[in-house]
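The values are calculated or read from the model by the stated rules, or taken from the named source; none is laboratory data. Since this is a predicted model, take the numbers as computed values, not measurements. A quick note on method: Cβ atoms are made from the backbone with ideal geometry, for glycine too, and the neighbour counts reach across all protein chains shown. All accessible areas refer to the heavy atoms of the entire protein, side chains included, with ligands and DNA or RNA removed. Shrake-Rupley method; radii C 1.70, N 1.55, O 1.52, S 1.80 Å.
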Amino acid sequence: MQYRRFGRTNLQMPVFSCGGMRYQFKWQDVPGWQIPKDNQQNLEATIRRAVEVGINHIETARGYGTSEVQLGRILPTFPRERLIVQTKISPTSDSKEFQRTFDKSLANLKLDYVDLLGIHGINTPELLHDSVRPGGCVDVARQLQAQGKVQFLGFSTHGPTDVIVKTIETNQFDYVNLHWYYINQLNWTAIEAATRHDMGVFIISPADKGGMLYKPPQKLVELCKPLSPMVFNDLFCLSHPQVHTLSIGASRPTDFDEHLKAVELLDRASEILPPILVRLEEEATAILGEDWAKTWDVGLPKPEETPGGLNIRVILWLRNLALAYDMIEYGKMRYNMLGNASHWFPGNKADRVRGLDLQQCLRKSPHADKIPTLLEDAHQLLGGQEVKRLSQQ
């Protein structure tokens with residue numbers, strides 16, 4: 001395993017982290033006796049495997065159902081100084097509720113303190129306000145730090161880049177959990193801002209939200225050779241020194257194996273990556289056309305600026321991936337979540353685009369005339385049964 005300094009925390013962070021949202025029994029709290037023995041054994045074997053290969057950062061959240069309680073049965077068996085433990089608490093306007101929720105998390109984990117506390121889901125200006133206002137969640141977290149229950153404070157986000165940058169610029173946080181990977185590099189300016197503030201940078205879900213790379217389409221497999229798409233994406237992310245760790249949402253002990261191949265290749269990233277990057281870019285250009293490939297996202301409105309609340313950028317992005325790389329299954333999974341995931345994945349699908357006048361909101365786009373037709377095409381390609389976030393299932 002390789003380690004990187006996690007920003008101003010000065011923690012030596014493994015380049016892979018063990019994310020705790022896929023091995024738990026339930027997304028809702030249940031009495032401990034209802035947790036099946038085999039599920040608990042699998043979780044504990046996954047944690048032991050993580051630590052065995054040097055992945056000593058264990059990440060979870062109060063919103064991950066039974067994850068904390070189940071981790072509380074295994075984490076105290078390790079020497080505390082060997083682990084970096086992170087949990088996350090959603091922001092709320094009631095700071096006392098934030099305090100109570102943290103207390104429950106710490107009791108669930110059966111630990112005296114957590115190394116990292118993340119404010120979970122600063123996705124909107126309102127949630128940022130609830131977090132940093134006087135007497136808000138950050139002030140509660142500072143009290144927890146003074147009591148020795150929290151070492152460092154960060155935030156996680158699925159929000160738009162401008163909200164992420166504003167949150168970083170408050171200089172109230174030691175690290176950030178955000179999305180950034182090959183197929184979606186929109187948040188690079190946020191990573192640059194985090195680097196200026198010497199913050200740790202944790203990449204959320206590079207294998208799943210980064211393209212469902214555990215079951216990639218054959219076209220993507222061919223384009224990424226000699227690497228698997230998963231190893232390519234890991235290597236792409238970690239070739240940027242501003243990125244410190246990638247989350248592996250392991251559901252079983254063997255889920256680390258493919259990712260670990262990237263560690264052995266890190267020193268050769270500058271040699272291995274360029275030919276693959278060229279192939280991927282050339283294929284996208286050949287399929288989509290050079291003008292569209294380079295300028296498709298120029299001048300696109302936000303969902304709140306669009307009739308019907310359409311998330312035009314996401315819809316066109318998913319269409320691009322489906323056409324260029326045959327990422328149709330991934331596109332369907334993400335597209336059909338639109339309209340069901342609130343601020344975690346905002347905006348609506350294009351199922352009613354024919355009845356909408358998009359002329360005004362697309363006035364800054366060089367492709368304004370053809371986008372309504374492309375949105376309709378995207379819905380025909382990707383539309384299907386509604387998909388909910390895991391925590392809603």
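Only one residue in W292, W317 is modelled with pLDDT of 95 or more and in contact with a strand residue (DSSP E or B) (Cβ under 9 Å, 6 or more places away or on another chain), so which one is that?
Going through W292, W317 in turn, just one is modelled with pLDDT of 95 or more and in contact with a strand residue (DSSP E or B) (Cβ under 9 Å, 6 or more places away or on another chain): W317.
Could you go through the range 209-223 and let me know if any residue there is over 22 Å from H57 (Cα atoms) and touching a Ser or Thr at 6+ places or on another chain (Cβ under 6 Å).
Checked against the condition, which is being over 22 Å from H57 (Cα atoms) and touching a Ser or Thr at 6+ places or on another chain (Cβ under 6 Å), the range 209-223 yields no hits at all.
Please specify each residue of the range 325-371 satisfying the condition of being under 12 Å from T306 (Cα atoms) and outside any loop (DSSP other than H, G, I, E, B).
N348, V353
With the requirement that a residue be open to solvent by 10 Å² or more (accessible area, probe 1.4 Å) and under 27 Å from H343 (Cα atoms), what does the range 141-158 give you?
Result: R142, F152, H158.
Filter the range 309-318 down to residues that are open to solvent by less than 30 Å² (accessible area, probe 1.4 Å) and of a type outside the set (A, V, I, L, M, F, W, C), then give me how many there are.
Number satisfying all stated conditions: 2.
L111: free of Cβ contacts under 8 Å to residues at least 40 places away in the same chain and open to solvent by less than 50 Å² (accessible area, probe 1.4 Å), yes or no?
For L111, the condition - free of Cβ contacts under 8 Å to residues at least 40 places away in the same chain and open to solvent by less than 50 Å² (accessible area, probe 1.4 Å) - is met.
For the condition surrounded by 14 or more Cβ atoms within 10 Å (Cβ to Cβ), out of contact with any Gly (no Cβ under 7 Å at 6 or more places or on another chain) and within 30 Å of Q360 (Cα to Cα), what is the one hit in T245, T295, T306?
One residue alone meets the criteria, T306.
Could you please give the count of residues in the range 229-251 that are over 28 Å from D198 (Cα atoms) and out of contact with any helix residue (DSSP H, G or I) (no Cβ under 6 Å at 6 or more places or on another chain)?
Looking only at that region, the number is 1.
One line per residue, one yes/no per condition, for (1) assigned to a helix (DSSP H, G or I); (2) within 29 Å of V132 (Cβ to Cβ):
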site	(1), (2)
I191	yes, yes
K215	no, no
L220	yes, no
Q242	no, yes
D255	yes, no
